[in-house]
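Some notes on the structure that comes next.
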Amino acid sequence: MIPFLRLEQSPMYEPVADYQQQQDPAVIDAWRCINELQQTFLHFSKMTDERLARMESNISHILSSVSSPQPNTVYWMDLLSDNLERPAPFADAPSPVSQPLSLSATISEELALSSPKSMSPIPEPRKCTLQIVGLETRWYTKRPLTPFRVRVIDSRGNLFTDTEGYTVCVHLISGHEIQVDQYLANAETLQFPLVSGEADITGVRFLAVSSRNGGHFNMKFTVTPTLVEPMLSEPINVLSERLKNEHKAESILDLNADDSLARVPGIGKKYAAKLAEQGLHTVRDLARIDTSPGARNQRLDILNAVRRDRGALTEAKLVELLRDAKVVAKREDFPEPCAKRLKQPTEEPEFDVTKMLHPNAFEFSTLC
């Protein structure tokens, strides 16, 4: 047995009674703390002695078991398990391990899991994303959007079907990155259940054009309860329903020289009728008007004849329309050069450094 110092035999333990008779409260509190520390060390010494005694006993059993011809495996596991189940020296102190560990049970479980029959691969966590199928990126206000579908895809690219109880919610984001659900008809009802990983989105109607809201809209899809990160759709160009009914062109690239002025963006029915009274019926007729500074009086006469009081058609707007009409007419008269200028990037000319040098520089460099 290893000898330990007994604190109750220390001379520091005896003067406590003498100091307690003094009137100084600081000294009394100090000796009280010393007394509590002594009691703690005494408890620790006692528990250590008991633990050493158990260890000596276990060592003797181990030696006797090793010397036997056939050691008992169960005895070994019980012996080690008994050591692990012993309480800590401070039994009253909180321990991070709430329950004793049984080594025999742990070894049995490990053996069972390590057997080939019971081994199974641990499933990897799957990070799911959303996939949008069949969404139109060009539409009109007040008209129900063509139904489309939202799918939940796992990290392996497969459809994630365990979606019972999940719902897809639809929101609208403007080109200024602001949520504008007020521009969706019945936005509070745009919630669709996920059935086997898919949700059919129907009944979506836009109440505003995208040109006045940052140039485009994005639809935002969220899943509740949270299953995946929110996802934004591709930009959606929402036009006025009037453009659809009147067969308006979206831009000058959709116009022909013989198209009616009613198809030109920026010219309404009333302006088209007044331009027709001036003998301007098609885009080609509009392109014949001179846009040079010297013909400003002619343009002002046309503007005063067709413009209403405080109308939206101004001189600058009229000049812009005339220039667009000239581009459309020239595109049909010279289709190949104009098409290259409108749709294809300009090619940079070849750059020859020798042409910028002095005529005799090349000969001089050759001679050197």
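The values are calculated or read from the model by the stated rules, or taken from the named source; none is laboratory data. Predicted model, so just to flag it, every value in this text is computed and none were measured. Counting neighbours? That spans all protein chains shown, and the Cβs are built from the backbone with ideal geometry, glycine included. Protein only, heavy atoms only, side chains kept; ligands, DNA and RNA dropped before computing areas. Shrake-Rupley method; radii C 1.70, N 1.55, O 1.52, S 1.80 Å.
Legend: residues 317, 248, sorted from most to least accessible area (1.4 Å probe; ligands, DNA and RNA excluded), read 317, 248.
Close amide H contacts of residue 201 (hydrogens built in the peptide plane, cut-off under 5 Å, sequence separation of 5 or more or a different chain): 148, 149, 150.
If you take the Cα centroid of the stretch 201-231 and the Cα centroid of the stretch 135-161, the two points sit 11 Å apart.
Of the whole protein surface, residue 198 contributes about 50 Å² of accessible area at a 1.4 Å probe radius.
Take peptides 142-154, 320-332 and line them up by average Cβ neighbours within 10 Å, highest first, as a rough protection proxy. The partial results should precede the final answer.
Numbers: 142-154: 16.5, 320-332: 18.3.
Most protected by this proxy first, the peptides run 320-332, 142-154.
Name the shape class, rounded, prolate or oblate, that the alpha-carbon gyration tensor gives for the stretch 140-296, where a ≥ b ≥ c are the square roots of its eigenvalues, rounded holds for a/c under 1.5, and otherwise prolate holds if a/b is larger than b/c and oblate otherwise. Provide the component values of the computation, followed by the final result.
Values: a/c = 3.26, a/b = 3.13, b/c = 1.04.
It comes out prolate by the Cα gyration axes.
Taking label positions 7 Å along the Cα-Cβ direction at both residue 240 and residue 61, the computed distance is 9.4 nm, reported to one decimal.
Provide the packing ranking of 235-241, 290-296, 185-191, i.e. peptides ordered by the mean count of other C-beta atoms within 10 Å per residue, highest first. Walk me through the intermediate numbers first.
Numbers: 235-241: 17.6, 290-296: 10.1, 185-191: 13.3.
Order by mean packing, descending: 235-241, 185-191, 290-296.
Going through the cross-link list 142/270; 142/274; 142/330, which pairs have a Cα-Cα distance over 25 Å in this structure? Working shown, then result.
Details: 142/270 23 Å; 142/274 29 Å; 142/330 37 Å.
Listed pairs above 25 Å: 142/274; 142/330.
Once both labels are positioned 7 Å from their Cα atoms along Cα-to-Cβ, the gap between residue 333 and residue 43 label points is 10.6 nm.
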